[in-house]
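K.L.:
Here you go, one structure.
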Amino acid sequence: MSAPKAEERPAYGYFLELQSRWMDNDLYGHVNNVTYYSYFDTVVNYFLIEKGGLDIHNAPVIGVVVESQCNYSQPVAYPDMIHCGLRIGKLGNSSVRYEVGIFRNDEQKASAAGHFVHVFVDRETNKPVPIPDQIKDAFLSIMKADAA
Amino acid sequence: MTEYLDWRKEDFPFHTRVETRWGDNDMLGHLNNVVYNRLIETVVVRFTMGPLDIDWQRDPCYPIVIESLCRFHQQLSFPETVTACLRAGRTGGSSVTYEIAIFGEDNERPASTGHFVHVFVNKETQSSMPIPEAYRKVIEAYQR
(Lines give C-alpha, C1' and ligand atoms only; values in the text may rest on other atoms or scores of the structure.)
Protein backbone atom coordinates (compact mmCIF):
# COMPACT_ATOMS: atom_id res chain seq x y z
CA MET A 1 0.00 0.00 0.00
CA SER A 2 2.67 2.52 -0.96
CA ALA A 3 1.48 5.98 -1.90
CA PRO A 4 2.66 7.66 -5.06
CA LYS A 5 5.44 10.10 -4.25
CA ALA A 6 4.88 13.78 -4.87
CA GLU A 7 5.63 14.06 -8.54
CA GLU A 8 6.10 16.35 -11.47
CA ARG A 9 3.64 17.31 -14.14
CA PRO A 10 4.97 15.10 -16.96
CA ALA A 11 3.98 12.05 -14.90
CA TYR A 12 0.31 12.85 -15.52
CA GLY A 13 -1.47 12.44 -18.87
CA TYR A 14 -4.56 14.59 -18.27
CA PHE A 15 -5.10 17.90 -16.49
CA LEU A 16 -8.09 19.82 -15.23
CA GLU A 17 -7.73 23.33 -13.85
CA LEU A 18 -10.01 24.34 -10.98
CA GLN A 19 -10.52 27.64 -9.22
CA SER A 20 -10.19 27.11 -5.48
CA ARG A 21 -12.97 28.70 -3.46
CA TRP A 22 -13.10 30.77 -0.28
CA MET A 23 -14.77 27.96 1.64
CA ASP A 24 -11.98 25.51 0.73
CA ASN A 25 -9.68 27.13 3.31
CA ASP A 26 -9.99 26.05 6.93
CA LEU A 27 -8.82 27.67 10.20
CA TYR A 28 -5.19 26.98 9.32
CA GLY A 29 -5.61 29.30 6.33
CA HIS A 30 -5.11 26.68 3.65
CA VAL A 31 -7.21 24.16 1.79
CA ASN A 32 -8.76 21.67 4.20
CA ASN A 33 -7.49 18.09 3.87
CA VAL A 34 -10.91 16.70 2.98
CA THR A 35 -11.36 19.17 0.13
CA TYR A 36 -8.55 17.50 -1.81
CA TYR A 37 -10.84 14.49 -2.19
CA SER A 38 -13.41 16.77 -3.76
CA TYR A 39 -10.76 17.82 -6.29
CA PHE A 40 -10.06 14.11 -6.88
CA ASP A 41 -13.65 13.19 -7.62
CA THR A 42 -14.12 16.29 -9.74
CA VAL A 43 -11.17 15.55 -12.05
CA VAL A 44 -12.00 11.83 -12.27
CA ASN A 45 -15.65 12.39 -13.15
CA TYR A 46 -14.85 15.24 -15.53
CA PHE A 47 -12.44 12.95 -17.33
CA LEU A 48 -15.06 10.19 -17.54
CA ILE A 49 -17.59 12.66 -18.95
CA GLU A 50 -15.26 14.47 -21.35
CA LYS A 51 -13.13 11.60 -22.63
CA GLY A 52 -15.21 8.55 -21.76
CA GLY A 53 -18.62 9.86 -22.80
CA LEU A 54 -20.12 9.07 -19.39
CA ASP A 55 -23.72 10.19 -18.98
CA ILE A 56 -23.83 10.70 -15.23
CA HIS A 57 -27.62 10.90 -15.20
CA ASN A 58 -28.58 7.90 -17.33
CA ALA A 59 -25.61 5.60 -17.88
CA PRO A 60 -26.44 1.96 -17.02
CA VAL A 61 -22.95 1.53 -15.58
CA ILE A 62 -21.55 3.77 -12.84
CA GLY A 63 -18.26 3.99 -11.00
CA VAL A 64 -18.29 3.54 -7.22
CA VAL A 65 -15.30 4.43 -5.08
CA VAL A 66 -13.76 1.63 -3.06
CA GLU A 67 -10.64 3.40 -1.77
CA SER A 68 -9.11 6.85 -1.72
CA GLN A 69 -5.86 8.09 -0.30
CA CYS A 70 -3.95 11.36 -0.19
CA ASN A 71 -0.46 12.39 0.90
CA TYR A 72 -0.07 16.06 1.72
CA SER A 73 3.34 17.63 1.07
CA GLN A 74 2.75 21.38 0.78
CA PRO A 75 -0.34 23.44 1.46
CA VAL A 76 -2.45 25.07 -1.22
CA ALA A 77 -4.83 27.90 -0.40
CA TYR A 78 -7.64 29.96 -1.86
CA PRO A 79 -7.27 31.86 -4.22
CA ASP A 80 -4.73 29.50 -5.80
CA MET A 81 -5.60 27.80 -9.06
CA ILE A 82 -5.64 24.05 -8.58
CA HIS A 83 -4.21 22.03 -11.45
CA CYS A 84 -5.35 18.41 -11.08
CA GLY A 85 -3.15 15.88 -12.89
CA LEU A 86 -4.62 12.47 -13.60
CA ARG A 87 -3.06 9.20 -14.72
CA ILE A 88 -4.07 5.55 -14.68
CA GLY A 89 -2.17 3.52 -12.11
CA LYS A 90 -3.75 0.13 -12.71
CA LEU A 91 -6.44 -0.99 -15.12
CA GLY A 92 -8.43 -4.13 -14.37
CA ASN A 93 -11.49 -5.72 -15.93
CA SER A 94 -14.03 -3.81 -13.85
CA SER A 95 -11.82 -1.59 -11.72
CA VAL A 96 -9.34 1.20 -12.23
CA ARG A 97 -6.87 2.94 -9.98
CA TYR A 98 -6.52 6.62 -10.78
CA GLU A 99 -3.54 8.55 -9.47
CA VAL A 100 -4.03 12.24 -8.94
CA GLY A 101 -1.50 15.03 -8.42
CA ILE A 102 -2.56 18.40 -7.05
CA PHE A 103 -0.41 21.25 -8.40
CA ARG A 104 -0.54 24.78 -7.08
CA ASN A 105 -0.68 27.46 -9.80
CA ASP A 106 2.34 26.99 -12.09
CA GLU A 107 4.37 24.81 -9.76
CA GLN A 108 5.96 21.77 -11.32
CA LYS A 109 6.00 19.61 -8.22
CA ALA A 110 2.76 18.26 -6.79
CA SER A 111 1.65 19.73 -3.47
CA ALA A 112 -0.32 16.57 -2.77
CA ALA A 113 -0.71 13.22 -4.46
CA GLY A 114 -2.98 10.30 -3.96
CA HIS A 115 -5.17 7.69 -5.54
CA PHE A 116 -8.78 6.86 -6.09
CA VAL A 117 -10.11 3.40 -7.02
CA HIS A 118 -13.32 2.96 -8.98
CA VAL A 119 -15.22 -0.26 -9.50
CA PHE A 120 -17.73 -0.09 -12.33
CA VAL A 121 -21.09 -1.57 -11.39
CA ASP A 122 -24.50 -2.04 -12.95
CA ARG A 123 -26.61 0.89 -11.82
CA GLU A 124 -29.58 -1.40 -11.00
CA THR A 125 -27.97 -4.49 -9.48
CA ASN A 126 -24.85 -2.86 -8.01
CA LYS A 127 -22.82 -5.82 -9.30
CA PRO A 128 -19.40 -5.28 -10.90
CA VAL A 129 -19.38 -5.27 -14.69
CA PRO A 130 -16.62 -4.88 -17.29
CA ILE A 131 -15.53 -1.30 -17.88
CA PRO A 132 -17.52 0.09 -20.86
CA ASP A 133 -15.45 0.24 -24.06
CA GLN A 134 -15.54 3.99 -24.54
CA ILE A 135 -14.32 4.55 -20.99
CA LYS A 136 -11.66 1.89 -21.31
CA ASP A 137 -10.43 3.55 -24.51
CA ALA A 138 -10.20 6.84 -22.64
CA PHE A 139 -8.05 5.19 -19.96
CA LEU A 140 -5.82 3.60 -22.60
CA SER A 141 -5.41 6.95 -24.37
CA ILE A 142 -3.88 8.63 -21.35
CA MET A 143 -1.87 5.54 -20.46
CA LYS A 144 -0.21 5.89 -23.86
CA ALA A 145 0.28 9.58 -23.17
CA ASP A 146 1.93 8.65 -19.86
CA ALA A 147 4.36 6.36 -21.64
CA ALA A 148 5.25 8.90 -24.32
CA MET B 1 -4.91 -8.09 4.16
CA THR B 2 -8.61 -7.47 4.66
CA GLU B 3 -8.68 -7.84 8.45
CA TYR B 4 -10.23 -4.38 8.65
CA LEU B 5 -13.52 -5.88 7.46
CA ASP B 6 -13.71 -7.61 10.84
CA TRP B 7 -13.16 -4.47 12.89
CA ARG B 8 -15.95 -3.99 15.44
CA LYS B 9 -17.00 -1.00 17.51
CA GLU B 10 -15.66 -2.61 20.67
CA ASP B 11 -12.16 -2.70 19.15
CA PHE B 12 -12.12 1.09 19.37
CA PRO B 13 -11.92 3.08 22.62
CA PHE B 14 -13.20 6.41 21.26
CA HIS B 15 -16.61 6.78 19.58
CA THR B 16 -18.51 9.76 18.32
CA ARG B 17 -21.94 9.98 16.71
CA VAL B 18 -22.45 12.17 13.67
CA GLU B 19 -25.75 13.07 12.08
CA THR B 20 -25.75 13.03 8.32
CA ARG B 21 -27.36 15.85 6.38
CA TRP B 22 -29.39 16.07 3.17
CA GLY B 23 -26.52 17.60 1.27
CA ASP B 24 -24.17 14.74 2.20
CA ASN B 25 -25.87 12.43 -0.31
CA ASP B 26 -24.79 12.74 -3.90
CA MET B 27 -26.84 12.05 -7.02
CA LEU B 28 -26.31 8.30 -6.65
CA GLY B 29 -28.36 8.43 -3.44
CA HIS B 30 -25.73 7.78 -0.79
CA LEU B 31 -23.06 9.73 1.04
CA ASN B 32 -20.54 11.16 -1.37
CA ASN B 33 -17.06 9.66 -0.91
CA VAL B 34 -15.67 13.01 0.23
CA VAL B 35 -18.11 13.01 3.15
CA TYR B 36 -16.62 9.76 4.50
CA ASN B 37 -13.29 11.56 4.68
CA ARG B 38 -15.05 14.38 6.53
CA LEU B 39 -16.36 11.83 9.06
CA ILE B 40 -12.81 10.53 9.56
CA GLU B 41 -11.57 14.08 10.09
CA THR B 42 -14.44 14.74 12.51
CA VAL B 43 -13.65 11.85 14.84
CA VAL B 44 -9.96 12.78 14.83
CA VAL B 45 -10.74 16.41 15.63
CA ARG B 46 -13.15 15.41 18.40
CA PHE B 47 -10.43 13.18 19.86
CA THR B 48 -7.86 15.97 19.74
CA MET B 49 -10.27 18.44 21.38
CA GLY B 50 -11.59 15.89 23.92
CA PRO B 51 -9.16 13.34 25.39
CA LEU B 52 -6.08 15.03 23.93
CA ASP B 53 -7.32 18.47 25.00
CA ILE B 54 -5.36 20.41 22.41
CA ASP B 55 -5.88 24.16 22.55
CA TRP B 56 -5.02 25.67 19.20
CA GLN B 57 -4.74 29.16 20.72
CA ARG B 58 -2.64 28.31 23.76
CA ASP B 59 -0.43 25.41 22.79
CA PRO B 60 3.01 26.00 21.22
CA CYS B 61 2.45 23.19 18.75
CA TYR B 62 -0.40 21.69 16.78
CA PRO B 63 -1.03 18.66 14.59
CA ILE B 64 -1.28 18.76 10.81
CA VAL B 65 -2.37 15.89 8.57
CA ILE B 66 0.19 14.38 6.21
CA GLU B 67 -1.73 11.34 5.00
CA SER B 68 -5.27 10.06 4.98
CA LEU B 69 -6.85 6.93 3.59
CA CYS B 70 -10.42 5.73 3.31
CA ARG B 71 -11.79 2.35 2.20
CA PHE B 72 -15.44 2.09 1.27
CA HIS B 73 -17.18 -1.15 2.21
CA GLN B 74 -20.89 -0.29 2.41
CA GLN B 75 -23.04 2.61 1.43
CA LEU B 76 -24.30 5.07 4.03
CA SER B 77 -27.17 7.46 3.40
CA PHE B 78 -28.85 10.51 4.85
CA PRO B 79 -30.75 10.57 7.24
CA GLU B 80 -28.92 7.92 9.27
CA THR B 81 -26.72 8.84 12.20
CA VAL B 82 -23.34 7.16 11.97
CA THR B 83 -20.82 6.21 14.62
CA ALA B 84 -17.21 7.07 13.89
CA CYS B 85 -14.67 5.14 15.97
CA LEU B 86 -11.00 5.83 16.62
CA ARG B 87 -8.01 4.13 18.15
CA ALA B 88 -4.38 5.19 18.14
CA GLY B 89 -2.09 3.04 16.02
CA ARG B 90 1.59 3.47 15.42
CA THR B 91 3.40 6.47 16.87
CA GLY B 92 6.72 7.88 15.68
CA GLY B 93 8.82 10.63 17.18
CA SER B 94 6.52 13.37 15.97
CA SER B 95 3.65 11.52 14.29
CA VAL B 96 0.68 9.39 15.19
CA THR B 97 -1.48 7.21 12.98
CA TYR B 98 -5.12 7.02 13.98
CA GLU B 99 -7.12 4.01 12.79
CA ILE B 100 -10.74 4.73 12.04
CA ALA B 101 -13.89 2.72 11.43
CA ILE B 102 -17.31 4.13 10.56
CA PHE B 103 -20.50 2.23 11.29
CA GLY B 104 -24.00 2.78 9.97
CA GLU B 105 -27.05 2.58 12.20
CA ASP B 106 -27.93 -1.05 11.68
CA ASN B 107 -24.68 -2.75 11.00
CA GLU B 108 -22.05 -4.55 13.01
CA ARG B 109 -19.60 -4.41 10.14
CA PRO B 110 -17.81 -1.20 9.28
CA ALA B 111 -19.16 0.77 6.33
CA SER B 112 -15.77 2.37 5.99
CA THR B 113 -12.28 2.01 7.44
CA GLY B 114 -9.16 4.06 7.07
CA HIS B 115 -6.43 6.00 8.75
CA PHE B 116 -5.30 9.55 9.35
CA VAL B 117 -1.71 10.56 10.13
CA HIS B 118 -0.96 13.62 12.23
CA VAL B 119 2.44 15.26 12.61
CA PHE B 120 3.03 17.71 15.43
CA VAL B 121 4.58 20.96 14.29
CA ASN B 122 5.98 23.90 16.20
CA LYS B 123 3.67 26.87 15.79
CA GLU B 124 6.53 29.36 15.35
CA THR B 125 8.88 27.45 13.07
CA GLN B 126 6.30 25.25 11.29
CA SER B 127 8.74 22.35 11.53
CA SER B 128 7.93 18.98 13.01
CA MET B 129 8.69 18.42 16.69
CA PRO B 130 8.49 15.50 19.11
CA ILE B 131 5.00 14.69 20.38
CA PRO B 132 4.70 16.50 23.74
CA GLU B 133 4.84 14.01 26.60
CA ALA B 134 1.37 14.83 27.93
CA TYR B 135 -0.15 14.10 24.51
CA ARG B 136 1.91 10.94 24.08
CA LYS B 137 0.56 9.51 27.34
CA VAL B 138 -3.03 10.04 26.22
CA ILE B 139 -2.36 8.66 22.75
CA GLU B 140 -0.79 5.53 24.21
CA ALA B 141 -3.85 5.02 26.42
CA TYR B 142 -5.95 4.84 23.24
CA GLN B 143 -3.75 2.32 21.46
CA ARG B 144 -5.23 -1.18 20.94
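K.L.:
Could you pull out every one of the strands (runs of 3 or more DSSP E) wholly within segment B:56-131 that has 3 or more residues that are over 13 Å from the mean Cα position of the chain (by Cα)?
P.N.:
Passing ranges, in order: B:61-72, B:81-91, B:112-122.
K.L.:
Kindly indicate which of A:Leu54, A:Leu16 is more than 14 Å from B:Val34 (Cα to Cα), in contact (Cβ under 8 Å) with a residue 60 or more places away in the chain and part of a loop (DSSP other than H, G, I, E, B).
P.N.:
Of the residues listed, the single one that is more than 14 Å from B:Val34 (Cα to Cα), in contact (Cβ under 8 Å) with a residue 60 or more places away in the chain and part of a loop (DSSP other than H, G, I, E, B) is A:Leu54.
K.L.:
Ok, one more. If you take the residues in segment A:7-45 that are of a type in the set (A, V, I, L, M) and open to solvent by less than 20 Å² (accessible area, probe 1.4 Å), which one is nearest to the other protein chains (Cβ to nearest Cβ)?
P.N.:
My answer is A:Val34.
K.L.:
Still on this model: Suppose we filter B:Glu10, B:Glu41 for residues that are acidic (Asp, Glu) and within 14 Å of chain A (Cβ to nearest Cβ); which single one remains?
P.N.:
From the options B:Glu10, B:Glu41, the qualifying one is B:Glu41.
K.L.:
Could you identify the single residue in A:Glu67, A:Glu99, A:Glu124 that is more than 19 Å from A:Gly13 (Cβ to Cβ) and more than 10 Å from chain B (Cβ to nearest Cβ)?
P.N.:
Unique residue meeting the criteria: A:Glu124.
K.L.:
Among the residues of segment A:98-148, which ones are over 23 Å from A:Val64 (Cβ atoms) and part of a loop (DSSP other than H, G, I, E, B)?
P.N.:
Scanning segment A:98-148 gives A:Asn105, A:Asp106, A:Glu107, A:Gln108, A:Ala110, A:Ser111, A:Ala148.
K.L.:
Could you check segment A:57-97 and list, in sequence order, the residues that are more than 20 Å from A:Val121 (Cα to Cα), open to solvent by 10 Å² or more (accessible area, probe 1.4 Å) and in a strand (DSSP E or B)?
P.N.:
A:Asn71, A:Tyr72, A:Met81, A:His83, A:Arg87
K.L.:
Could you check segment B:132-141 and list, in sequence order, the residues that are open to solvent by 20 Å² or more (accessible area, probe 1.4 Å) and assigned to a helix (DSSP H, G or I)?
P.N.:
If the condition is that a residue be open to solvent by 20 Å² or more (accessible area, probe 1.4 Å) and assigned to a helix (DSSP H, G or I), then B:Glu133, B:Ala134, B:Tyr135, B:Arg136, B:Lys137, B:Val138, B:Glu140, B:Ala141 are the ones that fit.
K.L.:
Give me the residue from segment B:65-90 that is away from chain A (no Cβ under 14 Å) and open to solvent by less than 40 Å² (accessible area, probe 1.4 Å) and, out of that set, nearest to B:Pro130 (Cα to Cα).
P.N.:
By that ranking, first place goes to B:Ala88.
The values are calculated or read from the model by the stated rules, or taken from the named source; none is laboratory data. Only a predicted model underlies this, so the values are computations on that prediction, with no experimental measurement involved. Backbone-built Cβ (ideal geometry, glycine too); neighbour counts: all protein chains shown. Side chains are part of the model used for accessible areas, which takes the heavy atoms of the whole protein and leaves out ligands, DNA and RNA. Shrake-Rupley method; radii C 1.70, N 1.55, O 1.52, S 1.80 Å.
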